[in-house]
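Contents: one structure, followed by commentary.
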Amino acid sequence: MTEKRRYNFLIFASAFLWIIMTGSKNVYTAELVEIMQVFSVSKAETSLAMTYYFITYSTTQVIFFFTMDKINIKWYMAISIFLSGIVTVLVALVTGMWQLWWLLSLNGILQAGVWGMCLAVFNKYLPKNMHPKANTAMNVGMAVAGIISYGSSSLFVSFGRWDLPFIILGIILSLSAIIYFIAIMLCENIKRATIKAETVTAVKTENANLPFTLETKNKKALFYVVTFILSLFIHSVYYATLNWLPNLITENYGLENSVSILISVLAPLATMLGPVIAINHCEKSGNFIKVGLIYLIIATVFAFLRIFLFDVNLIVALIVIMVFLILAQALITIIFSVISYKMSSYINAGAHAGLMNAAGGYAAGLSPTIIGAIIDATSWQFSCTLICIITATITISALIILLLTNKKKHA
């Protein structure tokens, strides 16, 4: 097998593992409405299982931020993800909500290393010119995972078998761990000299176009804090919108659960555009802050429109929500991985990506539960207003950051 084929196989194996892991995890989110009825619980109680998952998931990633350099990624990922596949299958066998809480909490620990470690492996083995390709594959993979989770959930819920997606995807997840192990082994045998020379040249060119640099410890610390907070809030508005989309359709348009889930497949399908647009845009423009600000301004406009259009007409509501989610996914791609790669000459890209994923995990665990409780206590319109306010706040923050970095660069 040639070197290029080994690199491509590593990208495939990483994306495949990420897609199946995310897809199997998101089956629970896709089936929230059905699970509420199966176990006779409220919105907040149902989403609590994913809250526990993301708390353990994100907390473990924060630990990895400090320890990633000491971990044998090849063996760790093979063992943890193989076991995660078994735990996913067990989810299908539960008889009570408390069992879901424990199993998903355990899966959060087992799956925590995937994003950051995959990016760390890319940074270690792939030539610099292949990073955009790997980055696109991983970020588009999030959308593909959504199609798998919502598509399989819609199909099996219509048959009255909410449990089958967990069994099927759990088995495939364990298989993906073996494939990933083989992919790393193949790349370990490639000589590093050529890659290192190519990378040094690419880094020098890229650093000249960065909006800021991180030469000191204080700058690095501030960078970690600011990007963590941005990741937390960008992910919050994304998951608060995406996770309750099937329920929004059911409650406001009176459709069956299986039909609402099927329509919701449009969301991850549409968001595939987000990573492609964001990565290409950031490759052409060295200033990823400016790119992100453009997306945020447009996202704020559509978040505002959603306040008044979410229950007027199904097609109009879906268009507004889809555009918002595409832009949110583009922003997630920038904060999630583009920044990590762009700043990799100053920071550990894998550790930073994992930290951004941890922020996303906390947001994914907490924001749907909070929004679910707010919807129950107030109204859908109030929840849309809150999402708009948060998006506008992020936009203002990004504008301030852009102005400060421009001022320092030209000082």
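The values are calculated or read from the model by the stated rules, or taken from the named source; none is laboratory data. Computed from a prediction, not measured in an experiment: that's the story for all the values here. Cβ atoms come from the backbone with ideal geometry, glycine included; neighbour counts cover every protein chain shown. Please note that ligands, DNA and RNA were not included when accessible areas were found on the heavy atoms of the full protein model with its side chains. Shrake-Rupley method; radii C 1.70, N 1.55, O 1.52, S 1.80 Å.
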* Asked: Quick one: which of 80, 84, 14 is in contact with a Cys (Cβ under 6 Å, 6 or more places away or on another chain) and open to solvent by less than 10 Å² (accessible area, probe 1.4 Å)?
  -> 14
* Structure fact -> Residue count, the stretch 95-140, condition open to solvent by less than 20 Å² (accessible area, probe 1.4 Å), outside any helix (DSSP H, G or I) and either hydrophobic (A, V, I, L, M, F, W, C) or more than 22 Å from residue 73 (Cβ to Cβ) (or both), comes to 3
* Asked: Is it fair to say residue 202 is modelled with pLDDT under 90, within 30 Å of residue 39 (Cβ to Cβ) and either in contact with a helix residue (DSSP H, G or I) (Cβ under 9 Å, 6 or more places away or on another chain) or aromatic (Phe, Trp, Tyr) (or both)?
  -> no
* Verdict on residue 41 being modelled with pLDDT of 85 or more, on the phi < 0 side of the Ramachandran plot and of a type in the set (A, V, I, L, M, F, W, C) -> no
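Does the stretch 315-337 hold any residues that are modelled with pLDDT under 90 and not small (Gly, Ala, Ser), and which are they?
The answer is 336, and nothing else.
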